[in-house]
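Chemist: Handing you a structure now.
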There are 2 protein chains.
Amino acid sequence: MVEQRSPRIGIIGAGAIGGYYGILLARAGLDVHFLLRSDYAVVAEQGLRLDSVVHGQLHLSNLQVYADAASMPACDWLLVGAKTTSNAELAPLLVQIAAPGAKVVLLQNGLAVEEALRPLLPDSLHLLGGLCFICVHRAAAGQIVHQAYGGINLGYHSGPGDGEAVLAEGVALLRQAAIEANPVANLAQARWQKLVWNVPYNGLSVLLNSGTAAMMQQADSRALIASLMEEVIAAAAASGHALPEGLADKLLLATDRMPDYLPSMYHDWQLGRVMELDAVYAAPLAAAAAAGVRMPQTRMLLQSLRFLEAR
Amino acid sequence: MVEQRSPRIGIIGAGAIGGYYGILLARAGLDVHFLLRSDYAVVAEQGLRLDSVVHGQLHLSNLQVYADAASMPACDWLLVGAKTTSNAELAPLLVQIAAPGAKVVLLQNGLAVEEALRPLLPDSLHLLGGLCFICVHRAAAGQIVHQAYGGINLGYHSGPGDGEAVLAEGVALLRQAAIEANPVANLAQARWQKLVWNVPYNGLSVLLNSGTAAMMQQADSRALIASLMEEVIAAAAASGHALPEGLADKLLLATDRMPDYLPSMYHDWQLGRVMELDAVYAAPLAAAAAAGVRMPQTRMLLQSLRFLEAR
């Protein structure tokens with residue numbers, strides 16, 4: 001009987017998301033390989049550090065890190081923590097790293113990100129999406145700060161063979177690392193549901209130059225957040241994805257309970273990096289328009305952010 | 001035969017608007033008296049300077065300036081260039097300065113500003129409103145910079161006797177100073193029409209930290225401006241004030257032709273002064289709501305500005 005080797009996991013990008021989940025997977029003894037760009041030298045030398053409200057202080061050195069895809073071993077799972085804006089550029093690297101029948105998981109926010117990447121991958125690869133409910137940021141190269149939550153809603157998008165089995169396998173893999181993973185039957189719906197948080201908080205944090213706490217405390221910004229949430233919920237419903245009753249209230253409450261948080265888009269903006277405007281704003285706006293629904297507040301947010309980015 | 005004395009004009013506030021029109025009226029030889037607060041000492045000593053694209057460099061010294069209303073002579077016309085936010089506080093001073101049957105003119109933007117002031121004035125005073133189509137700002141105490149335009153649409157609000165005659169008298173008075181004054185039959189409509197410019201540019205200049213030129217050049221902000229204009233136009237129509245066809249295009253074109261301009265609200269924000277959010281945003285939103293019309297973008301702008309002001 002041939003011993004089954006443990007699955008080899010490639011983490012693409014070790015920013016906040018890739019770093020956090022990569023550390024947890026590596027700590028659990030899984031065979032994790034990191035493909036890094038700007039942070040390669042620092043992480044190769046010093047490893048990854050996690051300062052976590054849940055896991056305490058972790059420091060993993062002697063990690064398997066790579067600066068280029070060509071030197072990586074073939075991976076069975078590829079967890080993409082890079083930004084959606086680099087997906088097209090990453091696609092050939094994913095193909096290069098992927099073992100036969102590998103599973104690519106986009107740990108990214110936004111709508112239609114799998115649809116955009118799918119044509120760039122061979123049919124032999126599975127494609128999944130993971131929605132990360134987590135407050136985490138990269139304080140510096142190789143230094144991840146985890147403030148709250150940490151679960152992943154994992155959904156299967158497309159690929160050869162039995163998607164349900166692949167999804168179950170992915171959930172089990174993440175749970176091995178004590179990651180609270182949950183399978184979702186409808187990935188598009190899960191993406192809409194995640195957008196109900198991301199659409200207001202990501203953009204408003206940039207536009208109002210504020211973390212979540214101040215925006216939740218002031219009555220007008222709080223009302224605006226709630227109103228943006230309802231706009232996304234209505235667009236989701238019109239697009240065929242009715243979301244759970246009371247979702248906006250639930251998310252407002254969850255945000256009240258979070259520490260003051262600066263979403264990833266705020267960090268992107270502050271650091272002069274490109275913001276994920278297409279995945280988080282343009283894609284849902286296009287879907288809503290196709291369903292005959294207007295999202296005037298969401299559109300205004302996108303227009304304002306595009307102006308700021310163009311400056 | 002008794003010689004009719006020339007009308008005595010009180011200018012309340014010598015910021016951008018009060019300063020600009022006050023200088024022109026004084027230059028024309030009219031009997032102008034300025035009531036000043038923070039700028040009193042500087043103007044009393046150095047006079048008022050105007051740097052104008054139309055009138056060149058003007059410097060008027062030996063002006064009739066006052067630090068308190070009690071020392072002013074009774075005025076036949078009171079031109080209020082102060083901000084709407086101080087109207088309630090100004091009302092007793094206006095009453096104190098007003099000659100019998102005086103005319104109070106609010107040279108202010110926003111909706112329902114006369115309605116708010118009217119109950120604080122005796123019935124014996126006339127109340128008018130003037131919409132100033134002008135790019136002007138106060139560079140420093142007593143120093144006014146005039147960048148473009150300069151006309152006033154003057155409308156009669158309420159008072160004893162013949163409003164039409166009072167309006168004609170006011171127009172004639174302003175024209176004596178080469179001010180392009182035009183009588184408007186419907187003041188509320190004129191206020192809505194002015195808001196079509198103020199609603200987008202005033203708030204967005206603060207929110208996007210930008211003058212008009214950059215916002216007009218970038219496609220998204222330009223589309224947002226146009227869309228806000230259409231929202232105001234629709235609210236005006238629903239409130240019974242149909243505005244001229246093609247107004248938004250006309251205003252966009254006029255703004256294209258302006259030099260880069262920072263609206264008054266931008267200066268207020270930068271200097272930590274209170275912004276005219278009630279007159280420019282809350283009042284039209286309330287009027288639209290009463291007419292059953294939503295203004296989601298205008299509301300979002302107000303909510304964002306209130307958040308910024310509250311910080």
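The values are calculated or read from the model by the stated rules, or taken from the named source; none is laboratory data. The model shown is predicted, which means the values in this text are computed figures rather than measured ones. Heads up, the Cβs are rebuilt from the backbone with ideal geometry, glycines too, and the neighbour counts pull from every protein chain shown.
Chemist: Residue A:154 passes all but one of (1) over 12 Å from the mean Cα position of the chain (by Cα); (2) outside any loop (DSSP other than H, G, I, E, B); which number fails?
Modeler: Looking at each condition in turn, residue A:154 falls short on (1).
Chemist: Moving on to the next point. Keeping to the stretch A:249-292, report how many residues are in contact with a Lys or Arg (Cβ under 8 Å, 6 or more places away or on another chain) and among the hydrophobic types (A, V, I, L, M, F, W, C).
Modeler: Residues in the stretch A:249-292 being in contact with a Lys or Arg (Cβ under 8 Å, 6 or more places away or on another chain) and among the hydrophobic types (A, V, I, L, M, F, W, C): 5 in total.
Chemist: Pick out the one residue from A:208, A:301, A:305, A:262 that is crowded, with 18+ Cβ neighbours inside 10 Å, under 23 Å from residue B:309 (Cα atoms) and either at pLDDT below 95 or more than 13 Å from every other protein chain (Cβ to nearest Cβ) (or both).
Modeler: A:262
Chemist: Now a separate question. Counting just the residues of the stretch A:288-298 that are surrounded by fewer than 16 Cβ atoms within 10 Å (Cβ to Cβ) and assigned to a helix (DSSP H, G or I), which one comes out farthest from the other protein chains (Cβ to nearest Cβ)?
Modeler: Checking each candidate, the answer is A:290.
Chemist: So, residue A:167, is that one assigned by the TED database to the domain that holds residue A:102, free of Cβ contacts under 8 Å to residues at least 40 places away in the same chain and either within 30 Å of residue B:308 (Cβ to Cβ) or assigned to a helix (DSSP H, G or I) (or both) or not?
Modeler: Yes; evaluated as a whole, the condition is true for this residue.
Chemist: Now for a different question. Given the options A:168, A:213, A:185, name the one that is surrounded by fewer than 21 Cβ atoms within 10 Å (Cβ to Cβ), within 14 Å of chain B (Cβ to nearest Cβ) and either of a type outside the set (Phe, Trp, Tyr) or under 19 Å from residue A:106 (Cα atoms) (or both).
Modeler: Result of the check over A:168, A:213, A:185: A:213.
Chemist: So, in the stretch B:89-121, of the ones that are in contact (Cβ under 8 Å) with a residue 40 or more places away in the chain and β-branched (Val, Ile, Thr), which residue ends up nearest to residue B:194 (Cα to Cα)?
Modeler: Filtering first and then ranking leaves B:113.
Chemist: Only one of these is more than 18 Å from residue A:300 (Cα to Cα) and more than 20 Å from the chain's Cα centre (by Cα): B:284, B:296, B:263, B:244. Name it.
Modeler: After applying the criteria, what remains is B:244.
Chemist: While we're here: Here are some conditions: (1) charged (D, E, K, R); (2) assigned to a loop (DSSP other than H, G, I, E, B); (3) more than 12 Å from every other protein chain (Cβ to nearest Cβ). Residue A:249 meets all but one. Which one does it not meet?
Modeler: Tallying (1) charged (D, E, K, R); (2) assigned to a loop (DSSP other than H, G, I, E, B); (3) more than 12 Å from every other protein chain (Cβ to nearest Cβ), residue A:249 fails exactly one: (2).
Chemist: On to the next question. Which of the residues belonging to the stretch A:55-88 are exposed (fewer than 14 other Cβ atoms within 10 Å of the Cβ) and in contact (Cβ under 8 Å) with a residue 60 or more places away in the chain?
Modeler: Answer for the stretch A:55-88, where residues must be exposed (fewer than 14 other Cβ atoms within 10 Å of the Cβ) and in contact (Cβ under 8 Å) with a residue 60 or more places away in the chain: A:73, A:74.
Chemist: Among the listed residues B:213, B:190, identify the single one that is in contact with a strand residue (DSSP E or B) (Cβ under 8 Å, 6 or more places away or on another chain) and either within 25 Å of residue B:151 (Cβ to Cβ) or modelled with pLDDT of 95 or more (or both).
Modeler: Checking each option against the conditions leaves just B:190.
Chemist: With the structure loaded, tell me whether residue A:149 is in the same structural domain as residue A:181 (by the TED database), in a strand (DSSP E or B), touching a residue at least 12 places away in the same chain (Cβ under 8 Å) and buried (at least 21 other Cβ atoms within 10 Å of the Cβ) or whether it fails that test.
Modeler: For residue A:149, the condition - in the same structural domain as residue A:181 (by the TED database), in a strand (DSSP E or B), touching a residue at least 12 places away in the same chain (Cβ under 8 Å) and buried (at least 21 other Cβ atoms within 10 Å of the Cβ) - is not met.
Chemist: When the residues of the stretch B:1-45 are filtered to those that are in a loop (DSSP other than H, G, I, E, B) and charged (D, E, K, R), which remaining residue is surrounded by the fewest Cβ atoms within 10 Å (Cβ to Cβ)?
Modeler: Across the stretch B:1-45, the extreme among qualifying residues is B:3.
Chemist: Follow-up. Does the stretch A:127-140 hold any residues that are among the hydrophobic types (A, V, I, L, M, F, W, C) and out of contact with any Ser or Thr (no Cβ under 7 Å at 6 or more places or on another chain), and which are they?
Modeler: A:128, A:131, A:132, A:133, A:134, A:135, A:136, A:139, A:140
Chemist: Additional query: How many residues, within the stretch A:265-284, are in contact (Cβ under 8 Å) with a residue 40 or more places away in the chain and either closer than 25 Å to residue A:216 by Cβ or within 10 Å of chain B (Cβ to nearest Cβ) (or both)?
Modeler: Going through the stretch A:265-284 one residue at a time, the tally reaches 11.
Chemist: So, in the stretch B:216-240, of the ones that are more than 13 Å from every other protein chain (Cβ to nearest Cβ) and either assigned to a loop (DSSP other than H, G, I, E, B) or free of Cβ contacts under 8 Å to residues at least 24 places away in the same chain (or both), which residue ends up surrounded by the most Cβ atoms within 10 Å (Cβ to Cβ)?
Modeler: My answer is B:239.
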